[in-house]
Structures are given as C-alpha cells and as structure tokens.
Amino acid sequence: MSNIPGYIHGTASVSRSPVSLNDFEQMKASVLFGEEDVKALRTSHDIVKGRTEAILDVWYGFVGSQPHLLASFSGKTDGKPLGDYLTSVRKRFAQWILDTSSAGYDQAWLDYQHEIGLRHHRARKNKTDGAPSTDLVPFRNLFALIFPVTFTLRPFLAEQGHSAEDVEKMHAAWVKSCLLQVTLWAHPYVKDGDF
Ligand code: HEM
C-alpha cells in the first residue's frame, strides 16, 4: 500500500469501472497498442523512475504558465493558485508516471482509471484534497494536454543513451498509453450510452 494521500489504487474504495477489460482490449487494438508497447513502457520505467520530479517541473511549469489551465488548480472564488492542492496532486501525479511506465492492465488499474476520470470531472474534482477549487477540468483541455505531456517527455527518454529507434518506440508507447487513459477518463464527460 502506498502512503500517498488520496492514492487509493487497488483498494476497496475504488468503484468498478463501467468499461470492461474486454472493451479495453478493443481500445488497445484501436490505437495499435501491443506487446511491443508494453515492453517499451517498461524500458522507460528505469529512465523515468529517478526523474519524476524533473518531469513534473516541466509539466507543472507548462500548466502554471497558462492561466486557463492554472484556473483548474485555483480558488473558485478568488482565482488564486492553491499551493496545497497543487502539491497534493503532484504526489499522485509522480505515482502515475511510475504506474504508466509499469504498464500493468488489470481490473484494479482499470477501476483506478475511472476514478482519475471522475476526479477531473465535477463528479469528484476537489473531493480527495478538500480543495476549494473550480468544479470541473474542461474536457477540451484534458484531451489536448496529451501532446505537451508526451512531447516534453521525449528528451527525458533520450537521456540515458538508448538508440534513436528505442527512444521513438518508448515515445510512441507513451503517446498511445496517454490516449488510452484519457479516453477512459472521458467516460464521465460522455453522454450516457455514447462511450
Ligand atoms: C489530477 C494526469 C490533464 C487538472 C490528475 C492526476 C493525474 C493527472 C495523474 C492525479 C490522479 C489521482 O488523484 O491519482 C493528467 C494527464 C493529463 C491531465 C496525464 C492529460 C494528458 C489535465 C488538465 C488539467 C488537469 C488539462 C487542467 C488544467 C487536474 C486537476 C487534478 C488532476 C485539477 C486534481 C483533481 C482532483 O481534485 O482530485 N491529473 N491530467 N489535468 N488534474 Fe490532470
């Protein structure tokens, strides 16, 4: 069990994902995600595990530099960035980097994906940290962030002398993994029956 506050992956507090493992297998096929990608993500694990803080400095720097993104981490009434909220979420984000690069896709992982989606949506945003922030991460930003997240990760993947081909494979696997995850997180945003 992890001692990161609010990180409840693998516990009974996580509700069942409405998406089945079978649906997820089809999603993987749709994005051309296969065993090569699992292997590439796991290769990236050894690289990113010691660099999570540096990676998060870049990602948080990006979000912090754009007022419309920072708004999701700011006070609902005064619009001021909430330091405690940013810090709490950052710890779970670091764990997410490790989980994404571990590439294990069991029912507990699928269920926690749904939880992460709910936490971006008005269904559960702010509840984990008791943050007095805005009600919703707008979907238009959620989806678009896949590009900056994966583009800025690339230099980190190249840091330890892997071949250009291996860096490319790791990068592609991260893009696919983020596409799959953000698609799962979209569930609460999509009209009933349309997912
Ligand atoms: C929470 C990743 C897009 C705002 C989180 C967490 C992760 C994450 C891993 C913590 C989940 C947990 O509680 O265990 C991502 C990724 C994104 C993305 C990979 C896109 C590729 C965005 C965008 C925003 C945003 C565009 C808006 C600026 C937030 C907020 C939380 C959060 C406010 C805290 C939610 C809460 O109250 O629990 N995100 N995120 N995220 N993210 Fe994102």
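The values are calculated or read from the model by the stated rules, or taken from the named source; none is laboratory data. This is a predicted model, so every value here is computed, not measured. FYI the Cβ positions are ideal-geometry reconstructions off the backbone, even for glycines, and counts take in every protein chain you see. In case anyone asks, the SASA skips ligands and DNA or RNA and just uses the protein heavy atoms, side chains included. Shrake-Rupley method; radii C 1.70, N 1.55, O 1.52, S 1.80 Å.
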- Task: Within segment 116-130, count every residue that is open to solvent by less than 20 Å² (accessible area, probe 1.4 Å) and within 7 Å of the ligand (Cβ to nearest atom).
- Result: 1
- Message: Among the residues that make up segment 169-181, is at least one of them modelled with pLDDT of 95 or more, within 24 Å of residue 16 (Cβ to Cβ) and either in a loop (DSSP other than H, G, I, E, B) or open to solvent by 60 Å² or more (accessible area, probe 1.4 Å) (or both)?
- Response: no
- Message: I want to confirm something. Restricting to segment 63-88 and keeping residues that are touching a strand residue (DSSP E or B) at 6+ places or on another chain (Cβ under 8 Å) and free of Cβ contacts under 8 Å to residues at least 60 places away in the same chain, which single residue is nearest to residue 154 (Cα to Cα)?
- Response: 64
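Conditions tested, residue by residue: (1) more than 16 Å from the chain's Cα centre (by Cα); (2) within 9 Å of the ligand (Cβ to nearest atom).
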{"residue": "132", "(1), (2)": "yes, no"}
{"residue": "141", "(1), (2)": "no, yes"}
{"residue": "164", "(1), (2)": "yes, no"}
{"residue": "168", "(1), (2)": "yes, no"}
{"residue": "176", "(1), (2)": "no, no"}
{"residue": "184", "(1), (2)": "no, no"}
{"residue": "192", "(1), (2)": "yes, no"}
- Report yes if some residue within segment 21-42 is under 15 Å from the mean Cα position of the chain (by Cα) and under 21 Å from residue 145 (Cβ atoms); otherwise report no. yes
- Looking at segment 97-111, is at least one residue open to solvent by 40 Å² or more (accessible area, probe 1.4 Å), out of contact with any Leu (no Cβ under 9 Å at 6 or more places or on another chain), more than 14 Å from residue 185 (Cβ to Cβ) and not hydroxyl-bearing (Ser, Thr, Tyr)? yes
- Taking segment 47-62 and keeping residues without any contact (Cβ under 8 Å) to a residue 24 or more places away in the chain and either open to solvent by less than 90 Å² (accessible area, probe 1.4 Å) or away from the ligand (no atom under 16 Å from the Cβ) (or both) leaves 50, 61
- Note on the structure: If we keep only residues of segment 63-87 that are open to solvent by less than 30 Å² (accessible area, probe 1.4 Å) and small (Gly, Ala, Ser), then the residue nearest to residue 132 (Cα to Cα) is 75
